[in-house]
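> Have a look at this one.
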Amino acid sequence: MPTLACGGAQTTKKTPMTKRIKLGMLTPSSNTALEPITSAMVSGLPNVSAHFSRFTVTEISLRDQALGQFDLEKILNAAKLLADAHVDVIAWNGTSSGWLGFEKDEALCRQITEATGIPATTSVLALNEILAKTGARDFALVTPYLDDVQQRIVQNYARHGFKCVAERHLDLHVNHSFADVEEDTIRTLVRDVAQQKPAAITTFCTNLRAAHLVEALEAETGIPVYDTISTVVWKSLRLAGVDTRELRGWGRLFSDVA
């Protein structure tokens with residue numbers, strides 16, 4: 001760093017620092033996909049970093065025990081830990097409101113902001129915003145979930161004016177196992193639903209290793225693919241004032257949806 005002589009003394013010339021942007025991500029405890037994928041996404045953005053706080057989620061089903069994992073108090077406690085890091089946004093990187101109801105995420109965001117003063121978002125609310133912005137009222141759904149969970153998601157979207165015209169799911173319920181789904185399996189599921197020519201496809205689970213496949217699948221099918229790890233990164237960056245067009249290689253979402 002250059003120094004300046006001044007009256008026989010040397011002083012260091014300081015350069016202005018660009019503001020650091022810290023994205024706070026609430027993470028299911030058994031999830032092993034979203035942290036490396038999210039970190040890889042933002043690694044190309046100067047001064048942007050992702051930070052994670054976990055709470056217990058091990059099973060995705062409609063059993064009472066599984067539904068109780070998403071108790072607001074547990075999630076808020078994890079959010080407060082992120083607030084200690086002075087993050088710029090707090091995001092629930094999960095899809096539970098798909099089967100619990102979107103109002104759950106809306107209430108969660110309100111309570112996070114009330115408790116921490118930090119703006120909040122979720123994977124599902126971000127996806128819904130994207131579908132609305134792009135006019136994609138008919139969509140295709142790809143998940144690893146059980147049949148009854150899948151049907152609850154389809155019904156929830158239908159109540160809000162979104163028609164699921166094609167769906168594929170793997171009938172799994174152990175959350176940790178979702179990250180073990182092979183990439184070729186994900187590609188096959190996306191190609192299957194693409195045959196119905198939906199306006200958009202969503203890979204709807206933040207423990208699927210799908211986000212890095214999106215750009216190639218979009219080129220192959222001609223259909224936008226919105227992965228739920230990608231959707232929450234997109235919205236988090238927007239809330240933090242970052243131009244999403246700077247994030248390249250992860251699909252048309254980041255360049256096309258303003």
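> Can you give the accessible area per residue of the chain, in Å², using a 1.4 Å probe? Mind dumping the intermediate values first?
Details: 11640 Å² over 258 residues.
Result: 45 Å² per residue.
> Another question, then. In square nanometres, what is the average projected area of the Cα convex hull of the range 128-253? Present the calculation step by step, with values, prior to reporting the outcome.
Working: hull surface 29.8 nm².
Mean orientational projected area (the range 128-253, Cα hull): 7.5 nm².
> Report, in whole Å, the centroid distance computed from the Cα atoms of the range 210-258 and the range 115-176.
One Cα centre to the other: 16 Å.
> Sequence gap of 8 or more, or different chains, plus Cα separation below 30 Å: how many lysine pairs satisfy both in the chain?
So the count works out to 23.
> Right, something else. Under a 5 Å amide H to amide H cut-off, with H placed in plane at 1.01 Å, what residues pair with T95 once short-range neighbours are removed?
T206
> Also, quick follow-up: Suppose R0 equals 41 Å. What FRET efficiency, 1/(1 + (r/R0)^6) with r the Cβ-Cβ distance, do L67 and A240 give to the nearest 0.05? If you can, show how the numbers build up before the last one.
Details: r = 31 Å, r/R0 = 0.76.
So, using R0 = 41 Å, E works out to roughly 0.85.
> Only helices at least 15 Å long along their own axis, judged from Cα atoms, and with Kyte-Doolittle mean hydropathy of 0.0 or greater: name those in the chain from DSSP H.
Values: long enough: 72-83 (16 Å, 0.86); 102-116 (21 Å, -0.67); 123-134 (17 Å, 0.94); 147-159 (18 Å, -1.28); 183-194 (16 Å, -0.20); 228-239 (17 Å, 0.68).
The qualifying helices are 72-83, 123-134, 228-239.
> Right, next: What are the residues whose amide H is under 5 Å from the amide H of L170, where those residues sit 5 or more places off or on another chain and H is modelled from the backbone?
T143, Y145
> When only alpha-carbon atoms count, how far does the range 72-173 stretch along each of its three principal axes, as whole angstroms with the largest first?
Each principal axis gives a Cα extent; for the range 72-173 these are 42, 32, 18 Å.
> Also: For the range 210-258, what number results from the quotient of the Cα radius of gyration and 2.2 N^0.38 Å? Each step should come with its number before you reach the end.
Details: Rg = 10.3 Å, N = 49, 2.2 N^0.38 = 9.7 Å.
The reported ratio for this selection is 1.07.
> Also: Using only the alpha-carbon atoms of the range 176-216 as identical scatterers, what base-10 log of I(q)/I(0) does the Debye formula give at q = 0.19, 0.30 Å⁻¹?
Computed log10 I(q)/I(0) values: -0.55, -1.18.
> So, how do all the Cα-to-Cα distances of the chain break down into 10 Å bins, in percent, from 0 on up?
Result, from short to long distances: 7, 31, 35, 16, 4, 3, 2, 1 percent.
> What list of ³J(HN,Hα) couplings, whole Hz, do you get for the range 243-250 from phi and the Karplus terms 6.51, -1.76, 1.60, once you set θ to phi - 60° and write x for glycine and proline?
Along the range 243-250, the couplings run 6, 5, 5, 6, 8, 10, x, 10 Hz.
> I would also like to ask the following. What accessible surface, in Å², does a 1.4 Å probe find on R245, ignoring ligands, DNA and RNA and rounding to the nearest 10?
Approximately 140 Å² for this residue.
> Hey, if you drop one equal point scatterer on each alpha-carbon of the range 73-125 and run the Debye formula without solvent, what base-10 log of I(q)/I(0) do you get at q = 0.29 Å⁻¹?
After summing over all Cα pairs, the log10 values are -1.18.
> Loop only per DSSP, at most 15 neighbouring Cβ atoms within 10 Å: give me the GluC sites (Glu not before Pro) in the range 151-254, ordered by residue number. Intermediate results must be reported in sequence, preceding the final value.
Details: sites: E167, E182, E183, E215, E218, E220, E246; in loops: E182.
Those that pass, being in a loop and sparsely packed, are E182.
The values are calculated or read from the model by the stated rules, or taken from the named source; none is laboratory data. Every value quoted in this text rests on a predicted model; they were computed, and no experiment measured them. Neighbour counts are summed over all protein chains in view; Cβ atoms, including those assigned to glycine, are modelled from backbone coordinates with ideal geometry. Calculation scope for accessible area: heavy atoms of the full protein, side chains included, ligands and nucleic acids excluded. Shrake-Rupley method; radii C 1.70, N 1.55, O 1.52, S 1.80 Å.
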